[in-house]
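Working notes, beginning with the structure itself.
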Amino acid sequence: MDRAALADFLRRRREALRPEDVGLPAGARRRTLGLRREEVASLAVMSTDYYTRLEQRRGPQPSEHMLASLARALRLTREESTYLYRIAGHNAPLPLSASPQVAPALMRVLDRLEDTPALILSDLGETLVQNRMAAALFGDASAHTGLARSAVYRWFTDPADRARYPEEDRDRQSRAQVASLRAAHGLHGPRSRAGTLVRALRKESEEFAGLWERHEVARRFEDHKTLIHPEIGAIELDCQALFTEDQSQTLLVLTAPPRTEGHEKLQLLAVLGLDRFAEAER
């Protein structure tokens, strides 16, 4: 780990950004060049003290999870992200597990969503970035690596992933996951990461293999769904999806009408999310 290089790189990238670049108001009488340290820390979902110590060359070695959060917060390119990992003493993520550059237009919208779960997905079902509410609802997606970064892969290999949906909705969800992967496979071809996922799942899941042979192709999300949270229970939510023009990335926003049970549970979820963030800071 090169603490001096890391501190200098973080400071210079922070100073190169403007509040409007990340969806923050500029405000009056702003003296800081670029973003403030606390703003970067908030965007990266880490404590201001932790981030400050990194810039002051006295912080501990950041984990790969922390580096991924910093790369998103500072809007780093693929090359800049690779450099960040290396000066922090880690190998850069392999192509299979690396997140593609998030579409700027979707990122600008996500930056403005704080009070409802929102996340950006690749066409392989990989969570590229999520806000705190989405992390509270679905769990921290950055903990997944390799093939397990894809929600399609986890759906057919990890029973815990299915526990988030009522049993009566799981067959429909299975078909939707396979149809979405087939759309990505048709676009990228058998030698792509989509092809790698298909080959792995056909070996590991008889259910997937059977559904794959149906040749259903779709790229959509249910407009209304029920999700099961381990602490709050069933939450009925409306689901809105915003696609990039080439449909390679999707911004997914989950909301509930005011004065409904779903809305009340989202408010409770926000409190739980903030409590967990405070614990992580400590």
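The values are calculated or read from the model by the stated rules, or taken from the named source; none is laboratory data. Values in this document were obtained by computation on a predicted structure and should not be read as measured data. Cβ atoms come from the backbone with ideal geometry, glycine included; neighbour counts cover every protein chain shown.
Observations on the structure shown:
- When the helices (runs of 4 or more DSSP H) confined to segment 138-194 are screened for residues that are without any contact (Cβ under 8 Å) to a residue 24 or more places away in the chain, out of contact with any Gly (no Cβ under 9 Å at 6 or more places or on another chain) and crowded, with 17+ Cβ neighbours inside 10 Å, those reaching at least 1 such residues are found at 159-162, 170-188.
- Boolean, Leu211 is crowded, with 18+ Cβ neighbours inside 10 Å and either aromatic (Phe, Trp, Tyr) or under 19 Å from the mean Cα position of the chain (by Cα) (or both): no
- From the options Arg154, Arg175, residue that is at pLDDT below 95 and in the same structural domain as Ala141 (by TED's automatic domain parsing): Arg175
- Condition check for Leu24: under 25 Å from Pro104 (Cα atoms), buried (at least 18 other Cβ atoms within 10 Å of the Cβ) and hydrophobic (A, V, I, L, M, F, W, C): no
- Here Leu124 qualifies as in contact with a helix residue (DSSP H, G or I) (Cβ under 7 Å, 6 or more places away or on another chain) and part of a loop (DSSP other than H, G, I, E, B).
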